[in-house]
Amino acid sequence: MSSATVIGFDYGTKRIGVAVGNTITKTAGPLTTIFNNPQTFDNIQKIIKAYNPGVLLVGLPLKLDGNTQPMTKLSQKFAQQLEQHFKITPIMCDERLSSYQAENMLIEKRKTGLHKKKLKKTDIDKISAVVIVEQWLATYQTNT
């Protein structure tokens, strides 16, 4: 891999959560939430240019039993579009319960006073992307 930087996407038909991670420190943080519209890939291009990732991750939404659902194919199509646009083959990552985990993380932060703002869907989207990146980083092994 040419870069230790990882960009993760939590794809949705309305919004796409985006997070950045690092394979060396195995940490991740939220970047932004992009609205899914005709400017989507222009906005992603700015992120790709700014961070020069070696890996792109896309959350793969599955049912709790592991079977596919309608969003599964849409996320796979998004991953194909990323590859066409940026010539980086994305890795699909199981994202079961990532939005649930993200929402609970934000609720806990509000309780402790660390997150004072009203809970917004755009916050949940980018934290869901963080969860996806963190889960992948937990299993990532460097080839040294």
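Every number here is computed from the coordinates shown, using simple stated rules; none is lab data. It should be emphasised that the depicted structure is a prediction, and the values quoted were computed from it without experimental measurement.
Please enumerate, by chain and number, the aspartates and glutamates with C-alpha under 13 Å from the C-alpha of LYS26, excluding those fewer than 8 residues away in the same chain.
GLU134
Along segment 17-33, what does the Karplus equation 6.51 cos²θ - 1.76 cosθ + 1.60 (θ = phi - 60°) give for ³J(HN,Hα), rounded to whole Hz, x for Gly and Pro?
Taking θ as phi minus 60°, the curve returns x, 10, 9, 10, x, 9, 6, 7, 7, 6, 10, 9, x, x, 9, 6, 10 Hz for segment 17-33.
Going by amide H atoms built from the backbone, whose H comes under 5 Å of the H on GLU95, apart from near neighbours?
Sorted by chain and number, the residues that satisfy this are LEU60, LEU62.
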